[in-house]
Amino acid sequence: MLNILYQFVSSIILTCFLSVLFFLSLWHNFVTVHFQSKPDPRDIRSSRTNINPHKKPSPNKIRRYSRASTSSTSPLDLENDDENNIEYDHTITSLRANLPMEYFKSTNKTQNNPVNVQEENEQSHIYDNPFKTDTLSLEDHKLVPDLKYYYHQYNIEIEEFRVTTDDGFVLDLWHLVPLGGSAKDQLGKYPLLLLHGLLQSAGAFASSGKSSLAYYLYEQGFDIWLGNNRCGFNPDWDMQKLNNDKKKKWDWDIHEMCQYDLKCLIEFVLEKTIHFEKLTLVAHSQGTTQSLLGLVNGEKLYSSNFKLIDKVDNFVALAPAIYPGPLLNEKVFVRFMGMGIDSPWVFGTKSFIPLMMFMRNIGAGTKLFSFFSYIMFNYMFDWNDVLWDKRLRDRNFLFSPVNISVKLMQWWLSSDVNKTSFKYGSNKMFPHDKTWFPLRHEMNETRQAQHNIHLNPPRDTAKDFPQIMLFIPKQDRLVDGERLINHFVNYEDNSVYKIWYIDEYSHLDVLWAYDVIERIGKPIINNIRYPNNPLDDTNTIITAAT
């Protein structure tokens, strides 16, 4: 009876909350569109943390150069710090050609090497809009909340699997195969598992069609699997594994998603691909938290018969959510959720804001629902579509939100300092001043004490660990990407990781920016560690990459 009372009271409070949020979002969008004259309405500040390597790069280790761009008539404007394995992407696109001088003061310089503003402005390239090509104009703009509808047009079938975790949760797993084909057609191709962010599904990797990372990586010859976490669009459980205890349906957070969901998805993909012992894991936002939690803390989370760190060749982190950013304290509604998330009278004890999913179930596929989703994200997090193709924006919101537990949101937002949450406990799970991926020779050379290593025992070479690629957007204030950069450059061997720091990207741009193939997709292809093809040693796995 108490749970029923919780749900009744919380439904009234949350209906009022969403109503206020909706009207404020609508007003914010109206003012932004009709009254503000900003050339770029985004918040162009970083997370407030400065990138500060202990080892300052020598001048001959920093190179400013350009790389050819097929999505634009001008090359990308890049700077490489070889000492710390960071590539700074200073590219400014034509969509922002009218930016004020203040933008260049805050953006077009490295953290350690400020340059003359006027000189930098003159040297900066203002790039042509790549929408001159017909690729996007050929996309179907009809809104259908089913990836199969769009991918049939690309001669791609999406196989759907339902896989069950050890603790009884049924997950959706989608597999890209040739139209009319099956998983057998993908045998011998190297598997990539894509894992989504908070309140999203794996559709976020594929919703922009031929401009999406999922499509691009498929075309490069990879075997693409889109993994979804528990509950998703249609929650389902194996009640026998839950011992018929209904309370367990929503009694989970990021730890269970890491310990059970990720394990289940990886084991299923490797079982299907047969010929590979490892895969590449590509994750966005919450997916990076879930993945790094397993890679860094696997010694505690997993039993001896499964270790995530031994199942992954490469880990690609897009907008990694490891340390909290200032936005969690800056936004009124985010602070409100943080203050109320631990109270069952406000958010209940089961599914997080059921009204949100009810609205999706009746509205998904309409322009109105996609527009409302966009303006609410825009108002709460300052994310906008400046770098997206406007014609695909509504499609990108077809595949979210999804069902999650209140307990998961408590892990993300709880203001209780006594709880281990993202907001207050990230340093317990990811201690920034300890080595996560220790190399034995490095430990011997520096004579570091064992207490400077977190949990993973030292290994002989970097190849004994997954290769880690971090794509960090500077304008992402939801998370503190700069703090994560500082951890890697100061506590990890530079042979273990590679970092891309992108000045003009924000949290969702790493998925939906119009040039995401150029600035995310191609660097992945060019830097990934490829295993030998087990079916044919004379051929490379990824033919397009050669």
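Each residue in region 381-404 was checked for being out of contact with any Cys (no Cβ under 7 Å at 6 or more places or on another chain), under 24 Å from residue 231 (Cα atoms) and not in a loop (DSSP other than H, G, I, E, B), and 3 of them qualify. Selection of first residues in region 44-68 that are touching a residue at least 40 places away in the same chain (Cβ under 8 Å) and of second residues that are among the aromatic types (Phe, Trp, Tyr) and assigned to a loop (DSSP other than H, G, I, E, B), restricted to Cβ pairs under 9 Å at least 6 apart or on distinct chains, gives the following pairs, ordered by first then second residue: 47/323; 49/323.
Of all residue pairs spaced 6 or more apart or on separate chains, those with beta-carbon atoms under 9 Å, a first member in region 1-26 that is surrounded by 11 or more Cβ atoms within 10 Å (Cβ to Cβ) and a second member that is of a type in the set (Lys, Arg) and assigned to a helix (DSSP H, G or I) are 3/247.
Within region 212-235, residues that are within 21 Å of residue 165 (Cα to Cα) and at pLDDT 95 or above have Cβ atoms under 9 Å from residues that are part of a helix (DSSP H, G or I) and among the hydroxyl-bearing types (Ser, Thr, Tyr) in these pairs: 224/215; 224/218; 225/273; 230/260, counting only partners at least 6 apart in sequence or on another chain.
Within region 331-367, the set of residues being of a type in the set (D, E, K, R), more than 22 Å from the chain's Cα centre (by Cα) and under 30 Å from residue 486 (Cα atoms) comprises just one member, 335. Against the conditions (1) surrounded by fewer than 20 Cβ atoms within 10 Å (Cβ to Cβ); (2) of a type in the set (A, V, I, L, M, F, W, C); (3) modelled with pLDDT of 95 or more, residue 334 satisfies every one except (3). Of all residues in region 282-312, those that are in contact (Cβ under 8 Å) with a residue 40 or more places away in the chain and either of a type in the set (A, V, I, L, M, F, W, C) or farther than 17 Å from residue 196 by Cα (or both) total 17. With respect to the conditions (1) at pLDDT 95 or above; (2) more than 18 Å from the chain's Cα centre (by Cα); (3) of a type in the set (S, T, N, Q), residue 273 lacks only one, and its number is (1). Only residues that are out of contact with any Pro (no Cβ under 6 Å at 6 or more places or on another chain) and assigned to a loop (DSSP other than H, G, I, E, B) were counted across region 465-484, and they come to 7. Of the residues screened, residue 426 is one that is in contact (Cβ under 8 Å) with a residue 60 or more places away in the chain and either assigned to a helix (DSSP H, G or I) or polar (S, T, N, Q) (or both). Of the helices (runs of 4 or more DSSP H) that lie entirely inside region 88-180, those containing 1 or more residues that are over 30 Å from residue 366 (Cβ atoms) and modelled with pLDDT under 90 span 101-107, 117-123.
Determine whether region 455-464 contains at least one residue that is part of a helix (DSSP H, G or I) and polar (S, T, N, Q). Scanning region 455-464 turns up no residue that is part of a helix (DSSP H, G or I) and polar (S, T, N, Q).
Within region 371-418, the residues that satisfy the criterion of being buried (at least 19 other Cβ atoms within 10 Å of the Cβ), over 17 Å from the mean Cα position of the chain (by Cα), at pLDDT below 95 and of a type in the set (S, T, N, Q) are 373, 414.
Here the condition is being within 28 Å of residue 438 (Cα to Cα) and either at pLDDT 95 or above or surrounded by 18 or more Cβ atoms within 10 Å (Cβ to Cβ) (or both); of 530, 497, it holds for 497 alone. Annotation note: Cβ proximity below 6 Å between a residue of region 484-508 that is farther than 17 Å from residue 520 by Cα and a residue that is in a loop (DSSP other than H, G, I, E, B) and of a type in the set (A, V, I, L, M, F, W, C) (sequence gap 6+ or interchain) occurs for 484/322; 485/51; 492/437; 496/437; 496/465.
The values are calculated or read from the model by the stated rules, or taken from the named source; none is laboratory data. On a predicted model such as this, the values are computed, not experimentally measured, just so you know. Don't worry about glycine lacking a Cβ; one is built from the backbone with ideal geometry, like all the others, and counts go over all protein chains shown.
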